[in-house]
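Accompanying notes for the structure given below.
The values are calculated or read from the model by the stated rules, or taken from the named source; none is laboratory data. Worth saying up front: this structure is predicted, and the values here are computed from it rather than measured. We place every Cβ from the backbone using ideal geometry, glycine too, and count neighbours over all the protein chains shown.
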Amino acid sequence: MPKIVDKQKRKRELALKSKELLLARNINDISIAEITKSIDIGKGTFYEYFANKEDLYFTLVDILIEQNNLILQKMLDDAADIRQRLIIFASFFYDDAFEELRKIYKTCKGLTLLEENETLKEFNTKHIKDYFSWFSSIIDDAIAKNELPKEAKALTLSLFAMVNGVFIMAEASNVIEDLQKEIVSMIDAMLGLIPKDTDA
């Protein structure tokens, strides 16, 4: 009787086996032959699981996002207040726990800015929307708990975009010496601008 293969499980296994290569190099500079050699499969097997190398790359990114989100959610669950939750959410940009995914994040953003790649742009759009929705739920929860006034909702997109912008500035220049310190200061400054009277 032939062995029944769980194709989704096997696809995940192959994507994870390719992680070292995909993290070390730009996806555009890697050939299918290099990938199949590095994970010890033939091209036929590769195409049985992946449409192309971008499909492999996106599969790996989705796995890493899933793993990292579990870590992040656990940290958020243990946070004492909205300040801590905002700092923890932003820790993706500097905490060692998220280093692998952060490297992929930078690659995806860089490639999207450098070339017209609608598939990559759509992939980035989906994940940015997912993270913004998650971030918005943190703000909504704080408003519901009276940690923040309802007016804070108007700052959600600005704060989300500002943290991303500070990270990009830190990566692309020598302007920011301590990214963690800068992000925490920015969060504290934003919270300081929000009225303290939450009963209104």
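Filtered by the rule that a residue be part of a helix (DSSP H, G or I) and either buried (at least 19 other Cβ atoms within 10 Å of the Cβ) or of a type in the set (G, A, S) (or both), the stretch 73-97 gives I82, R85, L86, I88, F89, A90, S91, F92, F93, A97. For the stretch 135-147, the count of residues that are under 16 Å from the mean Cα position of the chain (by Cα) and part of a helix (DSSP H, G or I) is nonzero.
Within the stretch 34-71, the set of residues being aliphatic (A, V, I, L, M) and outside any loop (DSSP other than H, G, I, E, B) comprises I35, L56, L60, V61, I63, L64, I65, L70, I71.
Which one of L14, L111, L70 is of a type in the set (A, V, I, L, M, F, W, C), touching a residue at least 40 places away in the same chain (Cβ under 8 Å) and farther than 25 Å from G165 by Cβ?
L14
Residues in the stretch 98-124 that are surrounded by 14 or more Cβ atoms within 10 Å (Cβ to Cβ), among the polar types (S, T, N, Q) and in a helix (DSSP H, G or I): T107, T112, N124. Checked against (1) at pLDDT below 90; (2) surrounded by 16 or more Cβ atoms within 10 Å (Cβ to Cβ); (3) among the aliphatic types (A, V, I, L, M); (4) closer than 19 Å to R85 by Cβ, L193 meets all criteria but (2).
Can you confirm whether L111 is over 30 Å from I139 (Cα atoms), of a type outside the set (F, W, Y) and in the same structural domain as M186 (by TED's automatic domain parsing)? Break it down into steps so the answer makes sense when it comes.
Numbers: over 30 Å from I139 (Cα atoms): yes; of a type outside the set (F, W, Y): yes; in the same structural domain as M186 (by TED's automatic domain parsing): yes.
Criteria met by L111.
Just to be sure before I move on: is A15 under 18 Å from F123 (Cβ atoms) and in contact with a Ser or Thr (Cβ under 6 Å, 6 or more places away or on another chain) in the structure I sent? So A15 fits the description; yes.
Just checking, does the stretch 84-103 include any residue being of a type in the set (S, T, Y), within 17 Å of the chain's Cα centre (by Cα) and within 24 Å of K181 (Cα to Cα)? Taking every residue of the stretch 84-103 in turn, at least one turns out to be of a type in the set (S, T, Y), within 17 Å of the chain's Cα centre (by Cα) and within 24 Å of K181 (Cα to Cα). Checking each residue in the stretch 17-59 for being surrounded by fewer than 18 Cβ atoms within 10 Å (Cβ to Cβ), without any contact (Cβ under 8 Å) to a residue 12 or more places away in the chain and in contact with a Phe, Trp or Tyr (Cβ under 9 Å, 6 or more places away or on another chain) picks out only D55.
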